[in-house]
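Undergrad: My questions all concern the structure below.
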Amino acid sequence: MLTPVPDEDGAPFWEYAAQGELRVQSCADCGELRFPPRPCCPHCQSFASAWRLMTGRGRIWSYVLPHPPLLPDYAAQPGYNAVLVELADAPRIRLAGNVVTAPDAPLNSVDPARLRIGAPVKVAFTEVDGVTVPRWLLERG
Amino acid sequence: MLKDATAIVGIGQTAFARQLPETEKALACRAILAALDDAGIAPSEVDAFASYTMEETDEVEVAKAIGAGDVTFFSRVGYGGGGSCATVGHLAAAVATGQASVGVAWRSRKRGSGPRPWKNTAVQLPTPGQWTRPFGLLRPADEIGMLARRYMHEYGATRDHLFNVALACRNRANQNPAAIMYERPLTREMYMTSRWISEPLCLFDNCLETDGALACVIVSAERARDCRRKPVYVHAAAQGLPAQHHGMVNYWNDDPLSGPAWTAARHLWKHADFGPQDVDVAQIYDAFTPLVPLSLEGYGFCGRGEGAAFTEGGALEIGGRLPLNTGGGGLSEAYVHGFNLITEGVKQLRGTSTAQVPDAATCLVTAGEGVPTSAVLLRA
Ligand SMILES: [Zn+2]
């Protein structure tokens, strides 16, 4: 599996994930959330930022089911899904991820027939090759 | 002013194939020399170059190989297929402002036989690769598939709409002996039963992987009148990097379904003497079929969400509302980062296309949608 290669702006996201927290960068002056992370605020140009804790709830905005040709680790999980989750706390922030049956379950553990745009999901975390990454579990609703 | 101040007076291309024996550099030189010959201009007169990134052959190598003179303008545009029309725009601006007199734009690729950028696991572009690649969102087809499914969900677009795009391109390729798919008709059954690449996108929603090169020559309108071929004027040119855009993975702005096409289009039409309703033929960047309805909306041929319905009733075929990608496009002629769309636009306005639109006098050519993009309006 590919593990994240964070840059300086993105590193806190992955550090918080390792603590089991989903946090998004915000402006420490005007309070606007921004994603992906960047050095300064596009609204007020402040360089002061804070990482705001999210509830971890969201909805599937869209998804794909990638098929070969793929990189070997992904090709070994045929029918896996890649989703975009719109965060309940910030609907215009969408995180890429995977919907799974359990945090450490394979990327193809959910029947694709259960996926639909708008389905509610909740974040969970799992460790892949020493790096903690978010996963998404379907919620009733 | 840029408007009609310059013209494309020469075009050239190599053969297109899954695998060509020559190097990317040699193919580039062949296409450029063919374009100069078409224009009747000596290589020693070339003093400007424009190309795009993600290719290994640079202007230094090309200039010395073809025997160019002293070069006083050279530029390279980023973002893969988003840069195609910008090469023409940059040269038109350079020639119109007196920075150079004979400009050459080109694209040479070994995409059919060479490496695919997404397979490189050693390099994840730090942003936004860290937000997508670990989750198996690996290839451009996955990234565009995500937008496609959302688009289908929001606007009732169906796979039949995407098929309309694939079919129009294939039908034109079937008229074009240079096209890779010249002898390979496409049916709805083939489309509907083909394998998935990234569901909802199937094999036929994806462009070809091609080796090949193309080039064009740009001079002032005044000089163009003395050239061998009928001039095709650069009427307007624009690039588009929208506010809060994020590159190809355009998921994090307010409205991911309104891409850079909208930005480029606003500028383009503002500087043109005509509007979308006056376009006789269009060459719309088609690395993936969903880019066509999205671009039709962005460039104002229809309203938001109406791009899929626009493709119905043979609208994209010859004789339809907007004949499109008349050489076969990236889907069925060759995928050379969209440069064949530029040269096909020139052929239409010269009246020499293999799928000629009668009396075509205006053509819109667009570059990759999703990535920072560009477009040109050409007129006879
Ligand atoms: Zn701020």
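The values are calculated or read from the model by the stated rules, or taken from the named source; none is laboratory data. Bear in mind that the values here come from a model prediction, so they are computed numbers and not experimental data. When we count neighbours, we look across all protein chains shown, and the Cβ atoms used for this are built from the backbone with ideal geometry, even at glycine.
Undergrad: Looking at the stretch A:97-112 only, could you name the residues that are facing chain B (nearest Cβ under 8 Å) and in a loop (DSSP other than H, G, I, E, B)?
TA: Those that are facing chain B (nearest Cβ under 8 Å) and in a loop (DSSP other than H, G, I, E, B): A:98, A:107.
Undergrad: Identify, please: which residue in the stretch B:330-351 is of a type in the set (Gly, Ala, Ser) and in contact with a strand residue (DSSP E or B) (Cβ under 7 Å, 6 or more places away or on another chain) and is, among those, surrounded by the fewest Cβ atoms within 10 Å (Cβ to Cβ)?
TA: Checking each candidate, the answer is B:345.
Undergrad: Also, quick follow-up: Working only within the stretch B:207-251, note down all residues that are within 11 Å of chain A (Cβ to nearest Cβ), in contact with a Leu (Cβ under 9 Å, 6 or more places away or on another chain) and not β-branched (Val, Ile, Thr).
TA: B:247, B:250, B:251
Undergrad: Sticking with this structure for a sec: Tell me, please, whether a residue that is at pLDDT 95 or above and within 14 Å of chain A (Cβ to nearest Cβ) can be found in the stretch B:173-190.
TA: Of the residues in the stretch B:173-190, the ones at pLDDT 95 or above are B:173-190.
Now drop any that are not within 14 Å of chain A (Cβ to nearest Cβ), which leaves none.
Within the stretch B:173-190, not a single residue is at pLDDT 95 or above and within 14 Å of chain A (Cβ to nearest Cβ).
Undergrad: With respect to residue B:149, is the statement that it is touching a Ser or Thr at 6+ places or on another chain (Cβ under 7 Å), basic (Lys, Arg), away from chain A (no Cβ under 14 Å) and buried (at least 21 other Cβ atoms within 10 Å of the Cβ) true? Step through it out loud before you land on a result.
TA: On the way: touching a Ser or Thr at 6+ places or on another chain (Cβ under 7 Å): yes; basic (Lys, Arg): yes; away from chain A (no Cβ under 14 Å): no; buried (at least 21 other Cβ atoms within 10 Å of the Cβ): yes.
When the stated conditions are applied, residue B:149 does not pass them.
Undergrad: Now for a different question. Can you tell which of B:334, B:361, B:367, B:287 is more than 17 Å from residue B:207 (Cβ to Cβ), touching a helix residue (DSSP H, G or I) at 6+ places or on another chain (Cβ under 9 Å) and not charged (D, E, K, R)?
TA: B:361
Undergrad: In the list A:94, A:116, which residue meets the criterion of being surrounded by 15 or more Cβ atoms within 10 Å (Cβ to Cβ) and among the basic types (Lys, Arg)?
TA: A:94
Undergrad: Related question: From the list A:15, A:21, A:32, pick out the single residue that is of a type in the set (D, E, K, R) and either within 22 Å of residue B:250 (Cβ to Cβ) or within 16 Å of the ligand (Cβ to nearest atom) (or both).
TA: A:32
Undergrad: Counting only residues that are more than 18 Å from residue A:123 (Cβ to Cβ) and touching a helix residue (DSSP H, G or I) at 6+ places or on another chain (Cβ under 8 Å), which one in the stretch A:7-21 is farthest from the other protein chains (Cβ to nearest Cβ)?
TA: For the stretch A:7-21, the residue satisfying everything is A:9.
Undergrad: Moving on to the next point. Just a yes or no: is a residue in the stretch A:65-79 within 16 Å of the ligand (Cβ to nearest atom) and out of contact with any Leu (no Cβ under 7 Å at 6 or more places or on another chain)?
TA: no
Undergrad: Which count do you get for residues in the stretch A:1-48 that are touching a Ser or Thr at 6+ places or on another chain (Cβ under 9 Å), hydrophobic (A, V, I, L, M, F, W, C) and more than 17 Å from residue B:245 (Cα to Cα)?
TA: The qualifying residues number 8.
Undergrad: Which of the strands (runs of 3 or more DSSP E) contained wholly in the stretch A:7-80 include at least 1 residues that are of a type outside the set (Gly, Ala, Ser), touching a residue at least 12 places away in the same chain (Cβ under 8 Å) and loosely packed, with under 13 Cβ neighbours inside 10 Å? Show your work before the answer.
TA: Numbers: elements: A:23-27, A:49-53, A:57-66.
Output list reads A:49-53.
Undergrad: Continuing with this model, one more query. For the stretch A:45-74, give me each residue that is hydrophobic (A, V, I, L, M, F, W, C) and more than 7 Å from chain B (Cβ to nearest Cβ).
TA: Of everything in the stretch A:45-74, those that are hydrophobic (A, V, I, L, M, F, W, C) and more than 7 Å from chain B (Cβ to nearest Cβ) turn out to be A:47, A:48, A:50, A:51, A:53, A:54, A:60.
Undergrad: Something else about it: Criterion first (of a type in the set (Ser, Thr, Tyr), at the interface with chain A (Cβ under 8 Å from one of its Cβ atoms) and more than 15 Å from residue B:325 (Cβ to Cβ)) does residue B:198 satisfy it?
TA: yes
Undergrad: Okay, next question. Tell me which residues, restricted to the stretch A:86-96, are within 10 Å of chain B (Cβ to nearest Cβ), within 14 Å of residue A:120 (Cα to Cα) and of a type outside the set (Asp, Glu).
TA: Kept after step one, since they are within 10 Å of chain B (Cβ to nearest Cβ), are these residues of the stretch A:86-96: A:86, A:91-96.
Then drop every residue that is not within 14 Å of residue A:120 (Cα to Cα), which leaves A:86, A:91, A:94-95.
The answer is A:91, A:94, A:95.
Undergrad: Related question: Looking for something in a helix (DSSP H, G or I), under 29 Å from residue B:332 (Cβ atoms) and in contact with a Leu (Cβ under 8 Å, 6 or more places away or on another chain) - is there at least one such residue anywhere in the stretch B:46-67?
TA: No; the residues of the stretch B:46-67 include none that is in a helix (DSSP H, G or I), under 29 Å from residue B:332 (Cβ atoms) and in contact with a Leu (Cβ under 8 Å, 6 or more places away or on another chain).
A quick yes/no check of all residues on (1) of a type in the set (D, E, K, R); (2) at negative phi; (3) more than 23 Å from the chain's Cα centre (by Cα); (4) not in a helix (DSSP H, G or I):
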{"position": "B:131", "(1), (2), (3), (4)": "no, yes, yes, no"}
{"position": "B:134", "(1), (2), (3), (4)": "no, yes, yes, no"}
{"position": "B:141", "(1), (2), (3), (4)": "no, yes, no, no"}
{"position": "B:144", "(1), (2), (3), (4)": "no, yes, no, no"}
{"position": "B:147", "(1), (2), (3), (4)": "no, yes, no, no"}
{"position": "B:162", "(1), (2), (3), (4)": "no, yes, no, no"}
{"position": "B:198", "(1), (2), (3), (4)": "no, yes, no, yes"}
{"position": "B:208", "(1), (2), (3), (4)": "no, yes, no, yes"}
{"position": "B:213", "(1), (2), (3), (4)": "no, yes, no, yes"}
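Undergrad: Taking only the stretch A:75-85 into account, find how many residues are facing chain B (nearest Cβ under 9 Å) and at pLDDT 95 or above.
TA: Count: 5.
Undergrad: Take residue A:24 and decide whether it is more than 7 Å from every other protein chain (Cβ to nearest Cβ), within 29 Å of residue A:140 (Cα to Cα) and of a type in the set (Val, Ile, Thr).
TA: Spelling it out, residue A:24 is indeed more than 7 Å from every other protein chain (Cβ to nearest Cβ), within 29 Å of residue A:140 (Cα to Cα) and of a type in the set (Val, Ile, Thr).
Undergrad: Run residue B:107 past the list (1) of a type outside the set (Phe, Trp, Tyr); (2) in a helix (DSSP H, G or I); (3) away from every other protein chain (no Cβ under 13 Å) and report the number of the one that doesn't hold.
TA: Of the numbered conditions (1) of a type outside the set (Phe, Trp, Tyr); (2) in a helix (DSSP H, G or I); (3) away from every other protein chain (no Cβ under 13 Å), the odd one out for residue B:107 is (2).
Undergrad: Further, regarding this structure: Which condition number in (1) in a helix (DSSP H, G or I); (2) touching a residue at least 12 places away in the same chain (Cβ under 8 Å); (3) surrounded by fewer than 16 Cβ atoms within 10 Å (Cβ to Cβ) is the one that residue B:90 fails?
TA: The one condition residue B:90 does not meet is (3).
Undergrad: Which of the residues belonging to the stretch A:41-56 are within 10 Å of the ligand (Cβ to nearest atom) and closer than 10 Å to residue A:22 by Cβ?
TA: none
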